[in-house]
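Comments concern the structure below.
The values are calculated or read from the model by the stated rules, or taken from the named source; none is laboratory data. All values derive from a computational prediction rather than experimental measurement. Virtual Cβ from ideal backbone geometry, glycine too; neighbours counted across all protein chains shown.
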Amino acid sequence: MLKVVCFIGITKNDSMLTGVLIRLNIEIVQHTRDIKVLEKIIEYLGCGNIHRRGDRDTAAIHVSKLSAILDIMIPFFDRYPLQGSKKVNYQDFCRVVFMLRDRAHLTKEGCEVIAQIKSGMNKQRVYEVPEDSDTLNVVRGSDMFRKRLYLYDASTLELIKTFSMQRDLLSELSVSPKTITKYQDTGLVFRGKYIITTKPTTNGATEG
């Protein structure tokens with residue numbers, strides 16, 4: 001079975017207006033004895049390079065060019081979906097891919113959102129425990145379980161979407177945690193059209 005790893009790199013870079021450089025990489029990993037399989041995959045996809053992984057017995061296809069990820073890798077995994085935790089990490093990775101496509105990473109606020117998404121991926125991921133569960137399983141990661149967040153249309157007070165974790169709302173709106181804290185449960189209208197609350201109903205709003 002092939003192993004797929006999605007990587008988001010954030011490094012300090014003073015030449016960037018935001019002060020950081022965002023890098024993306026998808027790896028398709030296989031044992032070196034099956035390196036021919038990786039070569040066939042590259043032939044099929046038409047992108048990527050094979051790198052041996054140090055002193056390990058594995059090699060990986062690396063795809064880091066944004067256009068290749070958007071035009072080749074994402075359609076490929078749409079056709080052949082990942083399963084389990086790899087699928088969830090891949091979905092987070094895609095959020096960041098689309099943020100780079102839309103140039104959201106060129107703002108400090110956008111970089112904060114990307115950092116928030118990255119902090120919840122792979123080994124740092126926190127899995128939500130159902131509200132009716134009597135037992136909380138021990139999970140890895142520094143984030144604590146949060147209340148659900150509700151996004152309402154400010155003009156109609158109709159529910160737009162429910163978010164089980166804060167980082168999903170951050171990604172949806174491309175905002176920082178500080179901004180969410182400023183607006184949630186205050187009744188203030190965000191961006192002229194949204195109300196953010198931890199309660200399932202909203203009785204009114206004021207322009208902020």
Does at least one position in the range 6-15 carry a residue that is aliphatic (A, V, I, L, M), at pLDDT 90 or above and farther than 15 Å from F93 by Cα? no
Selection from the range 133-162 of residues that are within 20 Å of the chain's Cα centre (by Cα), at pLDDT 50 or above and part of a loop (DSSP other than H, G, I, E, B): K147, R148
List pairs: first residue in the range 27-39 and surrounded by 15 or more Cβ atoms within 10 Å (Cβ to Cβ), second residue in a helix (DSSP H, G or I) anywhere in the structure, Cβ distance under 8 angstrom, at least six positions apart or on different chains. I28/L38; I28/I41; Q30/V37; Q30/L38
Residues satisfying the stated conditions in the range 63-120, i.e. at negative phi and small (G, A, S): S64, S67, A68, S85, A104, G110, A115, S119, G120
Tabulated pairs, the range 80-106, first touching a residue at least 24 places away in the same chain (Cβ under 8 Å) and surrounded by 12 or more Cβ atoms within 10 Å (Cβ to Cβ), second among the basic types (K, R) and not in a helix (DSSP H, G or I), C-beta under 8 angstrom, 6+ apart or interchain: S85/R125; V88/R125; N89/R125
Select from the range 38-78 the residues that are assigned to a helix (DSSP H, G or I) and of a type in the set (D, E) and list them in ascending order. E39, E43, D71, D78
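Considering only the range 14-26, how many residues are assigned to a loop (DSSP other than H, G, I, E, B) and surrounded by 12 or more Cβ atoms within 10 Å (Cβ to Cβ)?
2
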Single residue of the range 146-194 satisfying the filter (touching a Phe, Trp or Tyr at 6+ places or on another chain (Cβ under 8 Å) and farther than 28 Å from L106 by Cβ) that is surrounded by the fewest Cβ atoms within 10 Å (Cβ to Cβ): E158
Condition test on I10, is it assigned to a strand (DSSP E or B) and in contact (Cβ under 8 Å) with a residue 60 or more places away in the chain? yes
